[in-house]
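Following: one structure in structure tokens, then a few remarks.
The values are calculated or read from the model by the stated rules, or taken from the named source; none is laboratory data. What you see is a predicted model, and the numbers here were worked out from it, not measured in a lab. Here Cβ is always computed from backbone atoms with ideal geometry, including for glycine, and neighbour counts include all displayed protein chains.
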Amino acid sequence: MEQQTTTHEVSSAWIENLALEEINMEETGIVNFSEHLDPMHMLEVSSIEFMENLKEKFELYLTKFNELRTRQADKTKAIKMFKISNTINDFMLFRNSLKLVVARRSPDVISIGFLSNSGGLFAARLNYEAESKTKIHEIKAHVGPFNNIHWKFNGENVELDSLVRHYLTEFIKHSAR
């Protein structure tokens, strides 16, 4: 029987970090009593975590797609993922001269956009748009009470699986040859 991860297990990283900070404080003598009240610090932590979760989900689905798509030993149809140098955890997907770039523009903004080798920059289509109306999409952080951070697109909360499914589908459709 497969064991499911509970919400309590997934969201316990903060208490682990708190214990490590206390150990570090005892060893170094450096005390920071108010870092947990600083929304910019919380945004930095949240954006890094959000990007890591995005990257993990993209990798999971890319691996499955590549396994299914490249059965005929045609590795040119595979989607590749690259880390963007000199960044914490920005990444891009690449196939057939098309790139999907996912980048932290600031601690509270993550941008997602397509870049073609011809120099064109465009965003994924939304619902039944024939063409994208913007150059890139922005996922923005909203800081609520008690530094509770929600990631939003056009004012609506973002659900990771839906976001990854949408952008990966758009990428696969646009990069197919």
Examine the range 160-173 for a residue that is assigned to a loop (DSSP other than H, G, I, E, B), surrounded by fewer than 16 Cβ atoms within 10 Å (Cβ to Cβ), acidic (Asp, Glu) and out of contact with any helix residue (DSSP H, G or I) (no Cβ under 6 Å at 6 or more places or on another chain), and state whether such a residue exists. no
If I filter the range 138-160 for residues that are in contact with a Leu (Cβ under 6 Å, 6 or more places away or on another chain) and at pLDDT below 90, do I get at least one hit? no
Of everything in the range 60-100, what is under 19 Å from residue 113 (Cα atoms), surrounded by 14 or more Cβ atoms within 10 Å (Cβ to Cβ) and among the polar types (S, T, N, Q)? Give them in sequence order. 89
Considering the range 73-85, residues that are closer than 17 Å to residue 174 by Cβ and among the aliphatic types (A, V, I, L, M), and then whichever is modelled with the lowest pLDDT, we arrive at 78
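Let's see how each residue does on (1) outside any helix (DSSP H, G or I); (2) free of Cβ contacts under 8 Å to residues at least 12 places away in the same chain; (3) closer than 19 Å to residue 174 by Cα:
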{"position": "42", "(1), (2), (3)": "no, no, no"}
{"position": "54", "(1), (2), (3)": "no, no, no"}
{"position": "57", "(1), (2), (3)": "no, no, no"}
{"position": "60", "(1), (2), (3)": "no, yes, no"}
{"position": "67", "(1), (2), (3)": "no, yes, no"}
{"position": "71", "(1), (2), (3)": "yes, yes, no"}
{"position": "87", "(1), (2), (3)": "yes, no, no"}
{"position": "94", "(1), (2), (3)": "yes, no, yes"}
Of all residues in the range 136-157, which are surrounded by 15 or more Cβ atoms within 10 Å (Cβ to Cβ) and either farther than 15 Å from residue 123 by Cβ or of a type in the set (Lys, Arg) (or both)? 140, 141, 143, 147, 149, 151
